[in-house]
Amino acid sequence: MLEAKNIGYWYDKKDSYLYKDVNLNFEKGKSYAILGSSGSGKTTFLSLVAGLDKPKEGEILFNDSQINKIGLTNYRKNCVSIVFQAYNLLPYMTAIQNVTTAMDITQSERSNRKEYALASLANVGIDSSLASKPVSKLSGGQQQRVAIVRAMCCEHDLIVADEPTGNLDEQTSKDIITLFQKIAHEQNKCVIMVTHEKEVAEACDYIYELKNKEFQLV
Amino acid sequence: MNFLKRALLSVKVKKGRSLLLCAIFTVILIFILAGLTIQSASLKAADNAKQSLGATATLSANRENALSQNQESDSSTDSDSSDSSSGRPDAGSFSLTPVSISTATKISKLDNVSSYSILSSTSAGAGDDIEPISSADTTDSSTTTDSSADSNAQGMPGGGSSKQFGAGNAQGDFSISGVLSSALASDFSDETAKLTSGEAITKEDEGTNNVLIEKSLAEANDLKVGDTFTISNPTDEDTTYKMTVKGIYKTTSSSDSLGMNFNFLNPSNTLYTSYTFANTLKGDDYTDTADSVTYTLSDPEKLDAFVKAAKKLINTDTFSLETNDQTYQQMIEPISNVASFAKNIVLLVTGAGIIILSLIVMITIRERRYEIGVLLSIGESRLKVVFQFFVELFVIMLVSLVIAGFSGRIVGNVVGQQLLDQQTSATTSSSSNTQQAGGQQGGGQRGGQRGGFGNIGASSATSAKQIKKLDITLSAQEIGTLGAIGLGICFISVLLSSIGILRLQPKKILTT
């Protein structure tokens, strides 16, 4: 479904590659972990596959179409959902409004968006009273679950998550990882997760380790 | 339409920011509305002034040309003469050609002439059965007889028949205003003189000795409508005329210091007769002539066209046709200054509003980089993000517009009246200096209409009244204009601030 072909990236100088000739494939119904130490470039790789940035070399194909040709804005709108480490919810909105806003932007085909969002939030333990609160009043774990529901409700085939458990306690992290596994397996989505935590990575179907500027399947 | 929902939600939730923007926008709109209402009221007042003043053109002898021709002939005579007094113009040779009634009638038949008035002025001496009013009589009517006697005793002019008159001085005791219709004479049309009994002088009085006399003069001489009295010719004391009082009028004009010295300059000693009688007094050369003829037009806008057409019928070297444009200009000068100032207020506040709001929106957008990044990462287009900010500002502007609509008229009234008061006092002081200089030349419409005596000797309230009050009202058109300006401010402010948004990359926004 998603293919990275001969991807190369550098920040300032071409001769100081972050990585070069990266070739990876990602399939629907599977979860992938990209493991690496801090500063190895795993978040940068995620921003490339999420359409937040462009690779310096090579190309990224989504369902055999170059995402540059789809247009990065259109790609983000129609193909990929992103879950950030810092949740990145709109602070002046409630949980339910954050979810429905994303559904509106991505032009979700569901007619009962609010009910669907409420039901989805309830599935991850955010009841209607919590869902009606401004997200700034929710805990970190609750906010991350709202961010995941926001990604799920857009019903894109690809969900990318950048350190989704980075700010959470152990139990909440386990719950979040379980949630991602369910999304991948039960909803037939492709989930790519960037993490530096081995325990989190081991819960995924495949692990790519970014080491010495190369991706290695573990 | 998602961006509309987000915009409304943002305005509702971020109350502090919305209130701040609303307060600033309201102040800006109030000043703009004040400027607009002042400007509109000024234009309306100027238009009303033009309508109320009407348009008049006065045909009279071309004094300027006559004077310069006189000076030229004097200088040519001087070169041939060794007379020691050659440096002075010869007063006896300076003469003005009166306007012929036939020419005046031809002009009156041009398009847009609604009416015309004829004025032929002269003076007359008092007969044995009438005493003119002296200045002392006018100021204190209870001492009429005494002061008159005192004046006589002191040999001052004004007490009884003037000795000066008998000595060949053609000033006389009475000022004769010969008119076609007294109702069209400037004193009556300006309401400084009002008929209190009897009837006005009309065209029917041509060839008669009917006269309108002033109330003080009538009371002092116990004259009533229908009574008769005699006056004498200014150049021949022995030639007398029996006048019949057709009406009595009351004037609010008063003598000035010059009028204190001469009876004929006292407004109470002005007699209104038919112009034909005034011409009889002046002599045979003046038959079927007038000092001036004033035409009133039905449409002020056609004044220039009328003057152009009329000038084809007269010799412009001998006659001049002056319009009342100067009076109009004098009348609207303060209002024009206020209108110009109001226009500058609108431009200045609009410019300042754009700058201030652009800066505030820029600052708020910088604070909302994170929000913009989130929206862009979800897939929202940059254009819709810009639209969201525009709608937010537009909603705030609508609230400000309502507040400004209620308070702008009050501010406009206060500011407009203060501006007008300042302008009125400034232009009054400057125009009074001009009038002092110009009045003695007897030029312009007023001078022409009053003929030979002009306005000398009487301070009248007939000079152009400056507009001293603005009727500031709020119309739908001004609210519409204000809304359009507000919309423009929103648009430009957001556009300027959006340059930053359009350049933002979501990854950079979210990672910084």
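Things worth noting here:
- Calculated diffusion of region A:92-154, Stokes-Einstein form, Kirkwood radius summed over Cα pairs, 25 °C and 0.890 mPa s, µm²/s: 221
- Two-site FRET efficiency, B:N65 against B:I492, from Cβ-Cβ distance with R₀ of 51 Å, rounded to 0.05: 0.30
- Inverse of mean 1/r across different Cα pairs in chain A, Kirkwood, Å: 17.6
- Dimensions of region B:260-318 based on its C-alpha atoms, expressed as ranges along the principal axes with the largest first, amount to 42, 28, 21 Å.
- Compared with the direct C-alpha span, the chain from B:V402 to B:E206 gains 64.0 nm at full extension, assuming 0.36 nm per residue.
- In order along region B:405-410, the Karplus-derived 3J(HN,Hα) couplings, from 6.51 cos²θ - 1.76 cosθ + 1.60 at θ = phi - 60°, round to x, 7, 9, x, 5, 5 Hz, and Gly and Pro are given as x.
- Cα-based Rg of region B:253-401 normalised by 2.2 N^0.38 Å, two decimals: 2.34
- When A:V124, A:V160 are arranged by Cβ crowding within 10 Å, least crowded first, meaning fewest neighbours, the order is A:V124, A:V160.
- Simple label model, 7 Å out from Cα along Cβ direction - B:L359 to B:R503, nm: 2.0
- Spin-label model, B:D288 to B:L383: label points 7 Å out along the Cα-to-beta-carbon direction sit 8.3 nm apart.
- Partners for B:K302 among aspartates and glutamates (Cα-Cα distance below 20 Å; same-chain residues under 8 apart left out): B:D47, B:D111, B:E322, B:D325
- Over 20 Å (Cα to Cα) - which of A:K14/A:K42; A:K28/A:K69; A:K77/A:K189; B:K14/B:K507; B:K194/B:K282; A:K182/A:K211 fall in this group: A:K28/A:K69; B:K14/B:K507; B:K194/B:K282; A:K182/A:K211
- Cα shape, region A:137-218, gyration tensor, a/c 1.5 rule: oblate
- Full extension of the chain between A:K56 and A:N188 yields a length gain of 44.4 nm, computed as 0.36 nm times the residue separation minus the alpha carbon distance.
- Sequence-distant residues sharing a close amide H with B:S254 (under 5 Å, placed H): B:S459
- The ranking of B:L271, A:L217 from fewest to most other beta carbons within 10 Å of each one's beta carbon is A:L217, B:L271.
- Among the listed pairs A:K13/A:K54; A:K56/A:K174; B:K106/B:K203, those beyond 27 Å (Cα-Cα): A:K56/A:K174
- Inter-site label distance for B:L313 and B:K15 at 7 Å from Cα along Cβ, in nm: 7.7
- Peptide B:367-378 - average C-beta neighbours from other chains (10 Å radius): 5
- Per-residue ellipticity at 222 nm from helix content only, as computed over chain A with -39500 (n - 2.57) for each DSSP H run of at least four residues, stands at -10500 deg cm²/dmol.
- Neighbour-count ranking [beta-carbon atoms within 10 angstrom, fewest first] of A:C204, B:C490: A:C204, B:C490
- Gain on full stretching of the segment that runs from A:S37 to A:A86 - 0.36 nm per residue minus C-alpha separation: 15.8 nm
- Zone residues, region B:393-418, relative to A:T73, backbone N less than 20 Å from point 7 Å out along Cα-to-Cβ: B:393
Where a number appears in this text, it was derived from the coordinates with a stated rule and is not lab data. Because the structure is predicted, anything quoted here is derived from the model rather than measured. Positions of Cβ are backbone-derived with ideal geometry, glycine not excepted, and every protein chain shown enters the neighbour counts.
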